[in-house]
Amino acid sequence: MVTPALPPPAIVAPEPGPTVSAALTDANVRVTSAFSGAQIVLYGAVFDPETRPSDVVVIVRGPDQPIRIARKVRVAGLWVNSRPVVFEGAPGFYMAASSRPLTEIASFSTLRRLGAGIDHLPMNAPEEERIETRYGVRDVVVSRLGGDYLEWRRAVIRLKEKASLYATDHEGVRFVDRGLFRAEIDLPTSAPIGEYQTEIILFQDGEPVSRRARTITVEKAGLERWLFLFANEQPWLYGIVSVLIALTSGWLASVVFRRR
Amino acid sequence: MDIYLPIAEVSVNAGILVLLGAVVGFISGLFGIGGGFLMTPILLWMGIPPVVAVASEANHVAASSASSVISYSRKRQVDFRMGGVLAAGGAVGALLGVEVFRWLRLMGQADLVVSLSYLIFLGLIGGLMLVESVGSVLRQRRGQPPAKRRDRRPVWLYGLPFKVRFPRSRLYISVIPPVILGVFVGILSAIMGVGGGFILVPAMVYILRMPAGVVVGTSLFQIIITTSLASILQAGRNQSVDIVLATLLLLGGVLGAQFGARASSRFRAEELRALLGLIVLIMGLQMGLVLFITPEDPFILVGSGK
């Protein structure tokens, strides 16, 4: 399920204002049995007749994946998991690369509005929320996590970063020549299958002046795709086939060894 | 050669998997067990998601058990009727176990229950086996006569209804104890990704009082049926069997099992039991250790809500 997470790209103004343009070396990642992650290079250029100082931010957002996270708690001397909290709206992959630290490029509210940067990901745990009336104000959303919410959220990001699924790189966008920049997108082996929305935003004086969107598709291919579809579309037949393979090879081995 | 597994969605070294399959297969043939209790923890340490490890391992156990059961059956060491009764219970247990595992996963408690089951069952049985067999090895060394086996059969085994004759085991007992045993082992096989031989074999000897000669063969026969069913159920309900992973493991597994079965005649039964007890005990403690160590990170991702 892919929800369009980013607003559609702004229509490039017809008057000669500053614009950004970009292309990917590989917009289609095929996951075959030899897949061990992928590196995609994004090239782009800033066209600005007035050559004002420009900053470029590249945001890559993979398909949404609900995240289940538990906290280890000590019960009777044993470390056990708490009831898991489900976070929704979090992408399965997220990368924010920029030419400078995001906080130097634009204000907090601008970044929040654009959803640029890990801190601005709209993640929430709807199962923990309830709506109640507080201080006479109706329909207030209250989370059961309370003040711990930030700690849980930080833990999600920390664990995802550890798995190389989330990344923030303040020097990820490098200007290689006047107006010409490049950024690298590293997909780990565990990168989810689906459409990755890539947005390239040009900032000048803290304001987004031009945007471009590109899509990366990660899909299983060849035998991997065939087996995955088989396992998901005809699970019972798949199960029977896998057991038949197991039993037949066991039987074959014993026949072969008996002859010797 | 690294290979990307289509269901587990991780990249692993194919050669290492075949080799591991062969080593565990060898142990499985040597002791007449499935070997799941060794392989499942190894797969978890390799980073295979628990759901996939448990389901695919059931498939691997079915293969290596099939590889060795045929030679036991040629030697008339399989009690098919007893195996069938155990397997009927095992089928019910596997059905229950797959649902229980599904529910545990949703509650985020699958890891805990898997670790606890390993610690309790493997620790207990490994410890008992080790103590018992080391004792008998020591007595033999000192030239003492082997400890007298309490051969008095428990009354409850005979007082229960639905008695059935098991000619190959020379038993005439109620089917209730073997069915219950089968259910229990079936649940474990779905939750722990094991065949359950390490529980079945002692239970058949000490509870059902079956003759030692038919115990291993019969246990393997029942394991094939239970794990085959568990494997189909896991594939059908959870879509969690990785056929590539299972095939790589069983390539080595079925061959290793044959060599293991041959090697087993070179060792004395007590020494083999002591060694197996030690391996089982170490695995149990190793898997249980995680419950006692303060975790590095207090938070843990418990799989995407599939």
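The values are calculated or read from the model by the stated rules, or taken from the named source; none is laboratory data. Just so it is clear, the model here is predicted, and its values are computed rather than measured. All Cβ positions, glycine included, derive from the backbone under ideal geometry; neighbour counts span all protein chains shown.
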TODO: Output the residues belonging to the range B:164-183 that are of a type in the set (A, V, I, L, M, F, W, C), touching a residue at least 40 places away in the same chain (Cβ under 8 Å) and either in a strand (DSSP E or B) or closer than 19 Å to B:Gln77 by Cα (or both).
DONE: B:Val164, B:Phe166, B:Leu171
Task: Search result, residues across the range B:139-173 that are at pLDDT 75 or above and among the polar types (S, T, N, Q) - done: B:Gln140
Open item on the list: Suppose we keep only residues that are farther than 17 Å from B:Gly213 by Cβ and buried (at least 18 other Cβ atoms within 10 Å of the Cβ) within the range B:255-270. Which one would you say is nearest to the chain's Cα centre (by Cα)?
Closed with: B:Ala257
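Residues are listed down the side, and each one gets a yes or a no for (1) crowded, with 22+ Cβ neighbours inside 10 Å; (2) of a type in the set (Lys, Arg); (3) not in a loop (DSSP other than H, G, I, E, B):
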position	(1), (2), (3)
B:Ile7	yes, no, no
B:Val18	no, no, yes
B:Gly29	yes, no, yes
B:Ile42	no, no, yes
B:Ala62	yes, no, yes
B:Ser73	no, no, yes
B:Arg81	no, yes, yes
B:Ala94	yes, no, yes
B:Gly97	yes, no, yes
TODO: Enumerate the pairs (first residue in the range B:233-252 and within 12 Å of A:Ser249 (Cα to Cα); second residue anywhere and buried (at least 24 other Cβ atoms within 10 Å of the Cβ) and among the charged types (D, E, K, R)) with beta-carbon separation below 9 Å, excluding pairs fewer than 6 apart on the same chain, so at least 6 apart or on different chains.
DONE: B:Ala246/B:Glu57; B:Leu249/B:Glu57
TODO: Determine whether the range B:204-214 contains at least one residue that is at pLDDT 85 or above and either under 27 Å from B:Gly15 (Cβ atoms) or surrounded by fewer than 21 Cβ atoms within 10 Å (Cβ to Cβ) (or both).
DONE: no
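Can you tell which of B:Ser68, B:Ser117, B:Ser73 is within 11 Å of chain A (Cβ to nearest Cβ), among the small types (Gly, Ala, Ser) and either closer than 22 Å to B:Ile42 by Cβ or free of Cβ contacts under 8 Å to residues at least 12 places away in the same chain (or both)?
Exactly one of B:Ser68, B:Ser117, B:Ser73 is within 11 Å of chain A (Cβ to nearest Cβ), among the small types (Gly, Ala, Ser) and either closer than 22 Å to B:Ile42 by Cβ or free of Cβ contacts under 8 Å to residues at least 12 places away in the same chain (or both), namely B:Ser68.
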Open item on the list: Suppose we filter A:Leu223, A:Leu227 for residues that are crowded, with 19+ Cβ neighbours inside 10 Å and within 14 Å of another protein chain (Cβ to nearest Cβ); which single one remains?
Closed with: A:Leu227
Task: Among (1) more than 9 Å from chain A (Cβ to nearest Cβ); (2) part of a helix (DSSP H, G or I) - the single one B:Ile48 does not satisfy - done: (2)
Task: Counted residues, the range B:242-283 - those being in contact with a strand residue (DSSP E or B) (Cβ under 9 Å, 6 or more places away or on another chain) and either at the interface with another protein chain (Cβ under 9 Å from one of its Cβ atoms) or among the basic types (Lys, Arg) (or both) - done: 1
Open item on the list: I need a count of the residues in the range B:31-40 that are assigned to a helix (DSSP H, G or I) and β-branched (Val, Ile, Thr).
Closed with: 1
